[in-house]
Amino acid sequence: MSAVLKLMKVDLIKLMNLKRYMVIFLLAPVVLTFFGPQMLPLGYVISVYGLIYGQSAYDEQSRAGYFYGTIPVSRGQVVLSRYLYSVVVIVGISLLELIIIPLSIRLMNNGVALQTMTQALVSSILLSVVFVSVTVPIVLMLGVTKSRFVIFGIYFVLIFIAQGLMFLPQQLSPLFASALKSPLVLTVASLLLLFLSYLVCDSLYKKKEYTD
């Protein structure tokens, strides 16, 4: 487990080296949250996309796959560290939003309820988990360059869904809201999706052959 934590530390250090890049994608959820619940998922997904896909792009540019092959870590540990890093990013952005949401409601004074903003945050977390679960295996198997159009497509689909979740038909809203208000449902669904994605990715990545 110590090797996995060290790999995560390396990922975070690489992210810190991209200071301007990181600041831009951290500001996105902060700024867009002030425009209301419709824009909160957009800012959240932009931030997750930048901090996770951007780190993968850094790995691609620096040929990190070959580097991992020269150090005493297994491919399974590389995969696990990538998923844990993604979870850290999602948790970090969520904590940032929990600070920004009450502040935005107080400063904007636009009548938006805290419950509405919280539901927008929960939907953002679910969409981010879907993004990680789908894109991490694709990036690890195909690389950033080959998978970029697929990732862009997934990214824009999630943005479309994020906007649509806030405009559900009135008759569906109570059911959707009750599901979102259940921390147990959110936790179980997110962990199950990530776990299944991890199992698939781990199995495929161990069989991958590195080529130029």
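Read-outs throughout are calculated quantities, based only on the coordinates presented, and are distinct from any laboratory measurement. Please read these numbers as outputs of a predicted model, since none were measured by experiment. Glycine gets a Cβ as well: all are built from the backbone with ideal geometry, and neighbour counts include every protein chain shown.
Summed over the stretch 1-53, residues that are surrounded by fewer than 19 Cβ atoms within 10 Å (Cβ to Cβ), among the small types (G, A, S) and under 22 Å from S81 (Cα atoms) total 2. Residues in the stretch 86-103: is at least one buried (at least 20 other Cβ atoms within 10 Å of the Cβ), polar (S, T, N, Q), farther than 16 Å from Q55 by Cα and touching a helix residue (DSSP H, G or I) at 6+ places or on another chain (Cβ under 9 Å)? Checked the stretch 86-103: no residue is buried (at least 20 other Cβ atoms within 10 Å of the Cβ), polar (S, T, N, Q), farther than 16 Å from Q55 by Cα and touching a helix residue (DSSP H, G or I) at 6+ places or on another chain (Cβ under 9 Å). For the stretch 1-58, enumerate the residues that are without any contact (Cβ under 8 Å) to a residue 24 or more places away in the chain, among the basic types (K, R) and within 26 Å of F149 (Cβ to Cβ). Result: R20, single match.
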